[in-house]
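Below: one structure, written as structure tokens.
Values quoted throughout were computed directly from the atomic coordinates according to the rules given, and no laboratory measurement underlies them. The structure displayed is predicted, hence computed values, not measured ones. Cβ placement follows ideal geometry from the backbone for every residue including glycine, while neighbour counts extend to all protein chains displayed.
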Amino acid sequence: MIRWDLGLSLGPEGVGTAVRVETAHLIGVFPTAARAVSAASGAAPGGAPEHIILVYPQSMSSDELGEQLGECAIAGVKAPVATRDTEVLAAMAGRRALLIDSDAGLLASSAGPVVDFSPEVLADWFAEDPFGHSVYLTGEPASRDSYVVAARDFPPTLVERPALAALALTLMPVELSTKRRRWWSLR
């Protein structure tokens, strides 16, 4: 049987989904985890996935994450590796990630807090280490335009939720520990 991996990325617009057989392939965004898992299973070679990675917004509360993990369990996804969206982006870039979530109107830092978005806060965070940050933008197309304009001095890279799931699949966990987390290394 051919091995495959499943990546899920939670967001306000739904569950972004990707599968990896040899390389990661984007599947789409679905309103529920059950539909996302069903679509991924249909695109995969068969059997259960070997690895499952769940990417969630840094702004998501632990209660909301628990609800989403419960929905994933009901959909047949058991014990996924869960990591924040900003951790995935920081691992990919090799430096801090600043993520603008246009759906929620928030700005998150892989090295710190989640705050309401403002161009001034983005400028302050970026000024702390201009060469040590990468700026990203996620959200529905209808809500993104005003944020692209507001962040024009620090042009953000657009990241869709399915792309975050696919990116997470290319960066696999190397150590899982409750005391110390070192989640990602390049494959």
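Would you work out the charge dipole size for the chain about its Cα centre, treating the Cβ of every Lys and Arg as +1 and the Cβ of every Asp and Glu as -1, and quote it to the nearest 20 debye?
800 debye
Given labels modelled 7 Å from the Cα in the Cβ direction, how far is it in nm from residue 148 to residue 121?
2.3 nm
Helix 62-74 against the longest principal axis of the chain: what's the angle in degrees, Cα atoms only, rounded to the nearest 10?
The answer is roughly 20 degrees.
Please turn the phi angles of segment 19-35 into ³J(HN,Hα) values with the Karplus equation 6.51 cos²θ - 1.76 cosθ + 1.60 (θ = phi - 60°), one per residue in order, whole Hz, x for glycine and proline.
10, 10, 9, 10, 10, 6, 10, 6, 9, x, 10, 10, x, 9, 5, 4, 5
How much length is gained if the chain between residue 129 and residue 43 is pulled fully straight, taking 0.36 nm per residue apart and subtracting their Cα-Cα distance, in nm to one decimal?
Here the segment from residue 129 to residue 43 would lengthen by 26.8 nm.
Taking 0.36 nm per residue of separation and subtracting the Cα-Cα distance, what length does fully extending residue 111 through residue 22 add?
28.9 nm
Can you list the residues of segment 55-97 with backbone N under 17 Å from a point 7 Å past the Cα of residue 32, pointing along Cα to Cβ?
Answer for this model: 67-78.
If one takes the longest principal axis of the Cα atoms in the chain, at what angle in degrees, from 0 to 90 and to the nearest 10, does the Cα axis of helix 119-128 lie?
90 degrees
From Cα coordinates alone, what are the radius of gyration and Dmax values for the chain in angstrom?
In order Rg, Dmax, the Cα atoms of the chain give 16.2, 53 Å.
Could you tell me what percent of the DSSP beta bridges with both partners in segment 86-158 are antiparallel, to the nearest 5?
So the antiparallel bridges amount to about 45 percent of the total.
Using +1 at the Cβ of each Lys and Arg and -1 at the Cβ of each Asp and Glu in the chain, identify which of 123, 157, 16 lies farthest towards the dipole's positive end.
Working it through, the farthest residue towards the positive pole turns out to be 16.
Using amide H atoms built in the peptide plane, which far-off residues or other-chain residues are under 5 Å from residue 117 H to H?
When sequence neighbours closer than 5 places are left aside, the close amide H contacts are 106, 107.
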